[in-house]
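Quick notes on the structure that follows.
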Amino acid sequence: MSYFVPLEIVADIVLDVLEHEFVPIGTYKIPGKNLKPSWSLIESLTLASRTFRQVALERWFRTLYIKSFTDLEYIDLMFPYLKAQWCRHLHCVQLDPSAICAWNLAGFKRLTSVRIDWFPINFTPTYNSPHIGSAFINMECPVKTVEVTGLRYPTPMSLNAFTAPFPHMTTLELESLRTWCGLCHTCTLVRFSFPTPTGFVYEGGLGLPVHYARILFSLESLQEVTITLPVIGSGAPSPGLSASANDNLWVGECDRCMSLMYEDDAFKNSWVERKRGITPMNVDEKLVYVRPPNLKKVQWKFWEFDPSKGPSEYSKEEVASDADLETEYPEDGGEGDGEEDEFEGPGIV
């Protein structure tokens, strides 16, 4: 007696195996890390028959891991259905600082999320107009979740480059080495006086740096933003800020600015009002916080940078000094010593 297993059940089994493969704690946000399970889990099924191979490949490529924007041009030749039918989640890795170009997402019809891991020191695109200032072009579907990981300098211009291509985005996750200080208008390492806070949560559309809020204001579907940052040791005293207090609505200000400027109560009160969307007297409206229309939650998360506990996505040299303008970086982009081996292997997985 022969038994027939419907292809729908086979497909569900394959998907369940792939989605429930164990991922070690702490690897999820490591820039460049391929989180897909081992191909060996389903390899035997792809060899069983042409039909099973089609089913397995479709489930395997629901998530696409890719390390070069040029590989996007050749996917259709190898897997004609990947862009239009299979892929739901795209994980891009920008490694080469000498070859920064827009990732062309033409042909992807069913994407729901995009993650990009950014290794170059700066966002300096080499392509020509009309796409200057955009990390992605030719979106053909309403992506809902965008993750940007590994940014060294998260300037408002960089933020715009990674978010503007996704007008239907509802969730943004930003993981970076530095934060944007709205007082000195620079990207700085995060330093808190002890005891350090573990995070902040804001409701009602508040909680972004003022410049970020203006960049994201056009995203009418945006509902949640999460910003994750390393804390690099102890900083200058920050009035009203501790593990149990956030009196002045911290949204990325550096410890040096807070220590110096918050001594002036009039300035401090005016600055806090601006972060709440209130326009103080004699202040231009362009300098006041504007709530993105449907933003409900902003979450700041912090983790302790401790090189003694093992390898980190950021090198010790990168966090050795907060004198950003004086920091010297190696020509290869300063991505740490000995980390290159982590990313050897196929560029499309």
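The values are calculated or read from the model by the stated rules, or taken from the named source; none is laboratory data. None of these values were measured; they are calculated from a predicted model. Virtual Cβ from ideal backbone geometry, glycine too; neighbours counted across all protein chains shown.
Please specify each residue of the range 235-259 satisfying the condition of being assigned to a loop (DSSP other than H, G, I, E, B) and surrounded by 15 or more Cβ atoms within 10 Å (Cβ to Cβ).
GLY235, SER238, PRO239, SER242, ASN248, LEU249, TRP250, VAL251, GLY252, GLU253, CYS254
For VAL10, indicate whether it is more than 26 Å from ASP117 (Cβ to Cβ), over 23 Å from the mean Cα position of the chain (by Cα), surrounded by 18 or more Cβ atoms within 10 Å (Cβ to Cβ) and modelled with pLDDT under 90.
no
Please specify each residue of the range 260-298 satisfying the condition of being acidic (Asp, Glu) and either in contact with a Lys or Arg (Cβ under 8 Å, 6 or more places away or on another chain) or crowded, with 16+ Cβ neighbours inside 10 Å (or both).
Once the filter is applied, which keeps residues that are acidic (Asp, Glu) and either in contact with a Lys or Arg (Cβ under 8 Å, 6 or more places away or on another chain) or crowded, with 16+ Cβ neighbours inside 10 Å (or both), the range 260-298 yields only GLU273.
Quick check on my filter: what residues within the range 28-87 are among the aliphatic types (A, V, I, L, M), touching a residue at least 60 places away in the same chain (Cβ under 8 Å) and more than 25 Å from GLU140 (Cα to Cα)?
The answer is ILE30, and nothing else.
Of everything in the range 30-69 that's polar (S, T, N, Q) and out of contact with any His (no Cβ under 9 Å at 6 or more places or on another chain), which residue is farthest from SER134 (Cα to Cα)?
Only one residue fits best here, namely SER49.
For every residue, the table says whether it meets (1) at pLDDT 90 or above; (2) hydrophobic (A, V, I, L, M, F, W, C).
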| residue | (1), (2) |
| --- | --- |
| SER234 | no, no |
| PRO239 | no, no |
| ASN246 | yes, no |
| LEU249 | yes, yes |
| CYS257 | yes, yes |
| MET261 | yes, yes |
| GLY277 | yes, no |
| VAL290 | yes, yes |
| LEU295 | yes, yes |
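For the range 269-320, enumerate the residues that are in contact with a Ser or Thr (Cβ under 6 Å, 6 or more places away or on another chain), in contact (Cβ under 8 Å) with a residue 24 or more places away in the chain and assigned to a loop (DSSP other than H, G, I, E, B).
If the condition is that a residue be in contact with a Ser or Thr (Cβ under 6 Å, 6 or more places away or on another chain), in contact (Cβ under 8 Å) with a residue 24 or more places away in the chain and assigned to a loop (DSSP other than H, G, I, E, B), then VAL288 is the only one that fits.
Kindly evaluate ASN138 against the criterion of being at positive phi, touching a Leu at 6+ places or on another chain (Cβ under 9 Å) and not β-branched (Val, Ile, Thr).
yes
Tell me, which strands (runs of 3 or more DSSP E) lie completely within the range 156-220 with 2 or more residues that are surrounded by fewer than 20 Cβ atoms within 10 Å (Cβ to Cβ) and either in contact (Cβ under 8 Å) with a residue 24 or more places away in the chain or at negative phi (or both)?
Fully inside the range 156-220 and qualifying: 171-176, 199-203.
Here's the yes/no breakdown for (1) in a strand (DSSP E or B); (2) among the hydroxyl-bearing types (Ser, Thr, Tyr); (3) at pLDDT 85 or above:
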site: GLU43; (1), (2), (3): no, no, no
site: ARG53; (1), (2), (3): no, no, no
site: LEU57; (1), (2), (3): no, no, no
site: ILE100; (1), (2), (3): no, no, no
site: PRO120; (1), (2), (3): no, no, no
site: PRO130; (1), (2), (3): no, no, no
site: MET139; (1), (2), (3): no, no, yes
site: VAL146; (1), (2), (3): yes, no, yes
